[in-house]
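Each remark here refers to the structure printed beneath this line.
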């Protein structure tokens, strides 16, 4: 299967002439063949090594092909098993396939058929290994142990992730925009038994109420204009996995009621349908809002809050854990260099000082974008202070006395200007919900565009 070695095949056939014919054909296909005269020898061979493919006759003395199949499934579960059966023994072949065989070949064995079935089996094995490789990459990327942390606060969060990850408890992740709430959510997912099932994320503040309801619960054909086909919702897509509800504080009260019912009953109803659908997804939620304040003013249901807040995790803003800034920056520099092919491999002392001195109102996301920009601009082997965004460069004079609120306002308005006034694009770049941006602009006295 790999480029360095041919796929290995175990052939168990008690007919000597047929065993020779099949062996020659398999070798012609470039495979490494171990041929044995019976089931007993096949069991011994599997005890000694693993094989990519097992081809076995069904009718053999002492140990038959069904026993070979059973042992192969237990000892080398990823191996593809092909059974060879005599003419008129299709029922036995079907039984073997129900027991886990990949396919069957009838005697007399046709070389062309053998080649086709073997290649299909090896292709299936290749795809299975590719899927497992991708799953391993995802597990590695979001493994809690790979979260950059130096501060005690982030070490504590890692401990919480590891403890709650192995449970099915609902988790509410709180923190400012850009602190890494989704990364923590993925780490919780990766730490639990659902890690090999889907992680499905939705931003509750990015969609209007009607569309969000359809996204979460699905809809029936004809339930509204544009519903041209039945559609499964994200609750169903996340079956046996995790559903991550980002910016849960932006969800309307009416939709909160429907979400609460789904969590209480373990059932959903697609828009436009009367029948219910069972759901089985772990719920993780995140917000940058004060939900207790929302409960007080009636914008967030207290019963939903307590349903989601079984296990709270609060991520501190980057300005409260400055010891994490440079380790994060170093990782972002490496990632940006791989992505853009820049020359920079380190930060100059002045650039490092500027990074550590900045208040980072946009938190980790702002740091990542700042480093990426600097890597693109840096002409030589190190990122200089002048390669950093203007708002991150060392302040001077009166600028050094700016408040965090002033810097946040400047950052938001600069981003909005860079997006030519497009609030949707600006909110996306800032990593905040459009409603949040609209409220901040209203506070700044910036008129809303029609």
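What follows is calculated from the coordinates using simple rules that are stated; it is not laboratory data. Source: prediction; values computed, not measured. Neighbour counts run over all protein chains shown; Cβ positions are idealised from the backbone, glycine included.
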task: Work out Dmax and Rg for the stretch 331-372 from the C-alpha atoms and quote the Rg first, both in angstrom.
output: 10.6, 29
query: Shape of the stretch 230-336 from its Cα gyration tensor (a ≥ b ≥ c, root eigenvalues): rounded if a/c is under 1.5, otherwise prolate when a/b > b/c, or oblate?
result: oblate
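Please work out how much length the chain gains when fully extended from residue 74 to residue 302, using 0.36 nm per residue of separation minus the C-alpha to C-alpha distance, in nm with one decimal.
Using 0.36 nm per residue and subtracting the Cα-Cα distance, I get 77.0 nm.
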- request: Could you sort 248-259, 184-195 so that the peptide with the highest average Cβ count within 10 Å comes first and the rest follow in order?
  value: 184-195, 248-259
query: Given labels modelled 7 Å from the Cα in the Cβ direction, how far is it in nm from residue 106 to residue 167?
result: 5.9
- request: Averaging sequence separations of C-alpha pairs under 8 Å and six or more residues apart, then dividing by the length of the chain, give the relative contact order as a whole percent.
  value: 11
message: Along its three principal axes, how long is the stretch 143-316 when you only count alpha carbons? Whole Å, largest extent first please.
response: 53, 40, 26
statement: When the chain is treated as a Gaussian network with springs between alpha carbons less than 10 Å apart, the largest mean-square fluctuation among 220, 201, 12 is found at 12
message: Given the DSSP H assignment, sum -39500 (n - 2.57) over each helix run of at least 4 residues in the chain and divide by its residue total; what's the result at 222 nm in deg cm²/dmol, nearest 500?
response: -14500 deg cm²/dmol
20 Å cut-off, amide nitrogen to a point 7 angstrom out along residue 339 Cα→Cβ, residues in the stretch 349-378: 352, 355-356, 360-378
message: Can you compute the radius of gyration and Dmax for the stretch 8-138, using only the Cα atoms, both in Å?
response: 14.1, 48
message: Among [x] 22.1, 72; [y] 21.5, 66; [z] 29.5, 93, only one was calculated for this model; which label is it, if the read-out is Rg and Dmax of the Cα atoms in Å?
response: [z]
query: For the stretch 317-394, rounded, prolate or oblate, judged on the Cα gyration tensor with a ≥ b ≥ c (square roots of eigenvalues), a/c < 1.5 rounded, else prolate if a/b > b/c?
result: prolate
- request: For the chain, with a Gaussian network of springs between Cα atoms less than 10 Å apart, report the residue from 240, 15, 302 with the top mean-square fluctuation.
  value: 15
message: Cut-off 10 angstrom, C-alpha nodes, Gaussian network model of the chain. Which of 359, 433, 35 fluctuates the most?
response: 35
